[in-house]
Amino acid sequence: MLQIGNYNQLTITRITPSGAVFKTDEGDVLLPLRLVPTGAEAGTMLDVFVYVDSEERLTATTKKPRAVVGDFAILKVLETTTVGSFLDWGLEKDLLLPFGEQTEPVRRGDQVLVRIYLHSTGRIVATTKLDKFIIPVDDSLAEGDEVDLLVYAHTDLGAKVIINNNFGGLLFHTELVIKPKCGERLRGYVKKIRDDGKVDVTLRIGGAQEAFKDREVVLAALAAHNGFLPLTDKSSPEAIAQQLRLSKKSFKKTIGGLYKEGLISMLPDGIRLRDVQAP
């Protein structure tokens, strides 16, 4: 079945002066001649993205859009017309964000977080009304699972996130070292699935795993900065969070352990790997 707004493997039926034609159950799909690969002919199978062009015709392209139907993405507003705002998603035909799908007005140049979906009319459109695409939690999600998180809103309690592109969750303020931006993608863990279906998530693994992860974060940062970080146990929580995304408590505990292992030296102006010489 043809997937409009997504990638399809289609076989060329014939080549015409306009381009390559694919015959599908939904009708003929045209790949413009300028995009037909050299040597392609009838019988050649191609992986193409299928969309509806400005004249409402099924069209294929070998170009890759920034997102497909079913994706959440941050896209730039190009212009606003009488029907809505148009977003740059990397194709010749810009993506429509109708006025009725905007939670608040957007302006040219804005970067907006949207969900791309196939409208009942067959058109591919965007929406900033993300809540309606979040589905109830099912058995595929369990406490302790490592998950993908997409931050999409902030409340008095914390950051609202979309889990694995499907489920809703909440990162409480107490779980955050710094406030993530809307549209930011994070790796996290399911902390608790409540009886009402709400999900609490965390960025921390916990226990020995968490301590090991913090240790690796500090060592990786040292290696990336020639063996030296201008951070000490006197540094501000903000400075530590900005550099490492660790709380001050976790940072102090981690560098204390690394010092006991003999891996770092603690200097007045920072910490240094012991096997790295000062310049």
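Structure data summary
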{"item": "Residue within region 42-51 that is surrounded by fewer than 17 Cβ atoms within 10 Å (Cβ to Cβ), modelled with pLDDT under 95 and out of contact with any Leu (no Cβ under 7 Å at 6 or more places or on another chain) present", "result": "no"}
{"item": "Scope region 221-250; condition under 25 Å from the mean Cα position of the chain (by Cα) and not in a helix (DSSP H, G or I); matching residues", "result": "245, 246, 247"}
{"item": "Any hit, region 102-110, residues being among the small types (Gly, Ala, Ser) and assigned to a loop (DSSP other than H, G, I, E, B)", "result": "yes"}
{"item": "Among (1) of a type in the set (D, E, K, R); (2) in a strand (DSSP E or B); (3) closer than 19 Å to residue 93 by Cα - the single one residue 56 does not satisfy", "result": "(2)"}
{"item": "Top-ranked residue in region 100-131 [being farther than 19 Å from residue 160 by Cβ and of a type in the set (S, T, N, Q); ranked as surrounded by the fewest Cβ atoms within 10 Å (Cβ to Cβ)]", "result": "120"}
{"item": "Residue check, residue 153 surrounded by 17 or more Cβ atoms within 10 Å (Cβ to Cβ) and closer than 16 Å to residue 186 by Cβ", "result": "no"}
{"item": "Odd one out for residue 82, checked against (1) of a type in the set (Val, Ile, Thr); (2) over 18 Å from the mean Cα position of the chain (by Cα); (3) surrounded by 14 or more Cβ atoms within 10 Å (Cβ to Cβ)", "result": "(3)"}
{"item": "Identity of the residue in region 159-193, out of contact with any Ser or Thr (no Cβ under 9 Å at 6 or more places or on another chain), farther than 20 Å from residue 73 by Cβ and surrounded by 15 or more Cβ atoms within 10 Å (Cβ to Cβ), that ends up modelled with the lowest pLDDT", "result": "176"}
{"item": "Exclusive hit being within 21 Å of the chain's Cα centre (by Cα) and assigned to a strand (DSSP E or B), set 77, 50, 68", "result": "77"}
{"item": "Residue in region 251-271 that is at pLDDT below 85 and in a loop (DSSP other than H, G, I, E, B) present", "result": "no"}
{"item": "Single match in 200, 156, 233, 196 (criterion: of a type in the set (Asp, Glu) and modelled with pLDDT under 85)", "result": "196"}
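The values are calculated or read from the model by the stated rules, or taken from the named source; none is laboratory data. No experiment lies behind these values; they were computed from the predicted model shown. Note that we place each Cβ from the backbone using ideal geometry, even for glycine, and neighbour counts take in every protein chain shown.
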